[in-house]
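Here is the structure we will look at, set down as structure tokens.
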Amino acid sequence: MLPILMDHLRVARQGPGRPRTRPDRLRGDKAYSSRAIRHHLRRRGIVSVIPEPADQQGHRKRRGRNGGRPVTYDVQDYKGRNVVERGFCEDKQWRALATRYDKLALTYRGGVVLRAITICLKRLGDTP
């Protein structure tokens, strides 16, 4: 699923020009720690900030030298991941997104866009 999402990613530039399709780094929780995802990010030149779960560490250590090197990531940068998680929690305050009643992806995406608009309008109203 991650490669499909990465294909749709667009990062706006500060100045003129088309949007970038490759971010500098990707923050993720331990659920995104797989060889396939790390390989995909490495191939595209994206720094992964994803810790390794304890069970994967144990499997790697059990294999000894054949297990490979331990995963390295920027611990300080990983601490900023909570901002993204809080954003998702705010989105899921809308019941339709949290329960995912919609059967079509297009309808669900429309709900996500609508929720983003309502959050943006609410924040614009809060500023003096």
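Some points to look at:
- Distance between the stretch 87-128 and the stretch 1-26 - C-alpha centres, whole angstrom: 21 Å
- Here is what passes the span test in the chain: the DSSP H helices with alpha carbon length of 30 Å or more along the helix axis and a Kyte-Doolittle mean of 0.5 or above are 105-126.
- Environment charge at Phe88 (Cβ cut-off 14 Å; Lys +1, Arg +1, Asp -1, Glu -1): +2
- Maximal additional length on extending the Ser34-Asp91 stretch stands at 17.9 nm, based on 0.36 nm per residue less the C-alpha distance.
Since every read-out is calculated from the coordinates, none of them should be taken as a lab result. All values reported here derive from a predicted model rather than from experimental measurement. Neighbour counts run over all protein chains shown; Cβ positions are idealised from the backbone, glycine included.
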